[in-house]
Amino acid sequence: MIDPFGRTITYLRLSVTDRCDFRCVYCMAEDMTFLPKSDILTLEELDRLAGAFVRLGVRKLRLTGGEPLVRRDVMTLFRSLGARLGHGLDELTVTTNGSQLARFAADLFAAGVRRVNVSLDTLDPATFAAITRWGRIGKTLDGIFAARDAGLAVKINTVALRGVNEDEFDALIAWCGQHGFDLCLIETMPMGEIDADRTDQYLPLSLVRSRLRRTWTLEETGYRTGGPARYHTVAETGRRIGFITPMTHNFCESCNRVRLTCTGMLYMCLGQDDSADLRAVLRRGATDDDLTSAIRAAIARKPRGHDFVIDRRHDRPAVARHMSLTGG
Ligand code: SAM
Ligand code: SF4
């Protein structure tokens, strides 16, 4: 699949649920309304759609959400997708808040998963509770160590929040170094109505990086995972640190990905509203050829890039949907 700007699409992010056991302040409002079950693709439908993407050249699949590991029987999906590894698919991964990882780490490994991204914005239990509203840090930390012990490579994702965790990045780098985890810092993106004021939360990573350089030697690397992160090696720990900067750096020129929501909407860009309704195609009784044509038609509309801006006067989200719908 090659889009109108010559980018080859090899990566599908698949959101398997809009639900979550946390209510992170930058991601959701506390009183979120979730979708009725009939709107959500069944595990069989998710598997069939993923299969169509793999036939079209997708080599990497990431399951996300909402919280993917709270979806009932999600391991069945991991196993069926894992069976595609080596048959067109190179990698199956997951992004999780870690709360259920202690339970599932071994099963994920058995299904063929080798890397997991775990979101952890702080090492402080009170700050963790304040950010996630409903989470407890102990469960997430247990999950992280269970994943490592099961043989999964762990990358920690940390959203940089002004005045909330900005004093903690040194500690997180040291902690990741000590335990053998890579770290990725993420700028907040204006997606969906939340209760907080986004202009208060936004912390530019250009500033964070220059602060970190006072303590750490950040060596440039050419390492890419095909994603938007720019990676450095922290000389003192030997681990990588990535910076995802949608607000300060436009990473769209190398975009290799599309996103499918749990309702079967295919979003060609995280920061744009255009989508294709693959559930409608599927539930009309589509043949594999119909699915392929619908996906190809959508890819032909992939936009050049996003135009996120923090609108300081109105503080309106750039796109109306929440990150939990497309999974980041
Ligand atoms: N629940 C899982 C988790 O938290 O890892 C997977 C889904 S979550 C939507 C995926 C990633 O998006 C997480 O790392 C989360 O911190 C990040 N995220 C959520 N809302 C965001 C926002 N408004 N701006 C930037 N990152 C956001
Ligand atoms: Fe849930 Fe992940 Fe959103 Fe937090 S960031 S509320 S864990 S989906």
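For residue 23, only one of the following conditions fails: (1) under 23 Å from residue 190 (Cβ atoms); (2) crowded, with 21+ Cβ neighbours inside 10 Å; (3) at pLDDT 95 or above. What is its number?
With respect to (1) under 23 Å from residue 190 (Cβ atoms); (2) crowded, with 21+ Cβ neighbours inside 10 Å; (3) at pLDDT 95 or above, residue 23 is out only on (2).
Out of the residues in segment 104-141 meeting the condition of being within 16 Å of ligand 2 (Cβ to nearest atom) and among the charged types (D, E, K, R), tell me which one is least open to solvent (accessible area, probe 1.4 Å).
The extreme case among them is 121.
May I ask you to list the residues in segment 240-254 that are open to solvent by 30 Å² or more (accessible area, probe 1.4 Å) and in a loop (DSSP other than H, G, I, E, B)?
Those that are open to solvent by 30 Å² or more (accessible area, probe 1.4 Å) and in a loop (DSSP other than H, G, I, E, B): 247, 248, 249, 250, 251.
Based on what the data block shows, is residue 257 surrounded by 20 or more Cβ atoms within 10 Å (Cβ to Cβ) and more than 16 Å from ligand 2 (Cβ to nearest atom)?
Against the criterion (surrounded by 20 or more Cβ atoms within 10 Å (Cβ to Cβ) and more than 16 Å from ligand 2 (Cβ to nearest atom)), residue 257 qualifies.
Scan segment 183-199 for residues that are in a strand (DSSP E or B) and either open to solvent by 20 Å² or more (accessible area, probe 1.4 Å) or within 11 Å of ligand 1 (Cβ to nearest atom) (or both) and jot them down.
Within segment 183-199, 184, 185, 186, 191 qualify.
Only one of 273, 289, 307 is open to solvent by 50 Å² or more (accessible area, probe 1.4 Å), of a type outside the set (Ser, Thr, Tyr), more than 27 Å from residue 153 (Cβ to Cβ) and at pLDDT 95 or above; which?
Of 273, 289, 307, the one residue that is open to solvent by 50 Å² or more (accessible area, probe 1.4 Å), of a type outside the set (Ser, Thr, Tyr), more than 27 Å from residue 153 (Cβ to Cβ) and at pLDDT 95 or above is 289.
The values are calculated or read from the model by the stated rules, or taken from the named source; none is laboratory data. Quick caveat: nothing in here was measured; it's all calculated off a predicted structure. Here the Cβ is made from the backbone with ideal geometry for all residues, glycine too, and neighbour counts use every protein chain on show. Surface accessibility is based on the protein's heavy atoms, side chains included, excluding ligands, DNA and RNA. Shrake-Rupley method; radii C 1.70, N 1.55, O 1.52, S 1.80 Å.
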